[in-house]
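None of the figures in this text is laboratory data; all of them are computed from the coordinates on show. Keep in mind it's a predicted model, so treat the numbers as computed, not measured. Note that each Cβ is placed from the backbone with ideal geometry, even for glycine, and that neighbours are counted across all protein chains shown.
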Amino acid sequence: MALALACSGALALTPTAGAAAAPGATVAGCAVDAQAQGQRGNATGDPVSVPRVDGRIEQFQTFYDPTSTGGLPFLWHRSQPAPGAAYGEWARVSATTVGPKSYTVTGIENAAGGIELLWSAYGSFCHSALRSGSTEWPAADAFGLQPAPYHGAVTLHRRFNGTILAIASSNLTGRSAASRTLYAEDAAAGAWRPVAFAGVVPEANVGLGQPEVVAELPDRRIRVKAREWNRDRYWTQIEAAPDFGRPSGWWNNQWTLCTTPACT
């Protein structure tokens, strides 16, 4: 689920509880726009819908703030109180802006009924998680996955038991991709595992786009593939062991070339 930048008509300015942070403040590695007062101006891009297991939808949209001087939009959120019901009021997720270059927003429900949310901010990804039963989003934190500009977003995948895999390409030296895992038993505490190295493509000067989870194999290992960001070739690899709970699994770090999109 990606949110692309596109302009649309103006909306009424609506104050929100998401007040601006103090000048020069940072939020756990994700800088905030200290000038913005948390007003909802023009919408930009398409809304992103995150389904819940009970049938409700959480919806996200980026809006500009007329009090901001930074020129970037902010992420807002509204919920359905019941499946098929009308959405509630918009509330700002964070004082951290979305963009530039990439305006991707991705979300998923965790095993504890909370919503894990990721968005691109100045070349890395920021994260916030709305806990089950809460209406207040905590301050954003730097998630630690950092694709190169234009190389795609973070892919979120829910395993059979509710454990969540987050995987992205990487622009760091010596790695083509990296991942993090939120075990089902850690979801209530929001305790994501540290960033795991996912190997290097065995050719020089090859950058990967956004990895795609192709399948969970019968033994519960995950197979992923990724397109070269500027070439119609694909690379694939399979976990060496499934990472859906302790003791953790790991990647085999061996990317294999697949010249067509099949790679299944």
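Full extension of the chain segment joining Tyr150 with Asn171 gains 6.5 nm, where the gain is 0.36 nm per residue of separation less the Cα-Cα distance. Of Asp141, Asp219, the sequence from fewest to most neighbouring Cβ atoms within 10 angstrom is Asp219, Asp141. Simple spin-label estimate for Asp46 and Ala262 gives 3.0 nm between the two label positions (7 Å along the Cα-to-Cβ direction from each Cα).
Mean shadow of the range 146-264, computed from the convex hull of its alpha carbons, in nm²?
Taking a quarter of the hull surface, the average projection is 7.1 nm².
Sorting Asp243, Asp54, Asp65, Asp46 from the fewest to the most surrounding beta carbons within 10 angstrom yields Asp54, Asp46, Asp243, Asp65. Mind sorting out which of [x] 39.6, 119; [y] 18.6, 53; [z] 25.1, 101 is the real Rg and Dmax of the Cα atoms in Å computed from the coordinates? After the calculation, the listed value that fits is [y]. For Asn42, the residues whose amide H sits under 5 Å from its own are Leu11, Tyr64, ignoring neighbours fewer than 5 places away on the same chain, with H placed 1.01 Å from N. Rounded to the nearest whole Hz, the Karplus-based 3J(HN,Hα) values (6.51 cos²θ - 1.76 cosθ + 1.60, θ = phi - 60°) of the range 174-191 follow the sequence x, 8, 9, 7, 8, 8, 9, 10, 10, 5, 4, 6, 9, 5, 4, 8, x, 8, with x at glycine and proline. When each of Phe160, Phe125 is scored by the number of other beta-carbon atoms lying within 10 Å, the sequence from fewest to most is Phe160, Phe125.
Projected label points at Arg246 and Ala85, each 7 Å from Cα along the beta carbon direction, are separated by 3.7 nanometres. Local charge for Val32 was computed over the other residues whose Cβ lies under 13 Å away, with Lys and Arg +1 and Asp and Glu -1, and equals -2.
So between Arg193 and Thr69, what do we pick up on full extension, going 0.36 nm a residue minus the alpha carbon distance? Extra length from Arg193 to Thr69 when fully extended: 41.0 nm.
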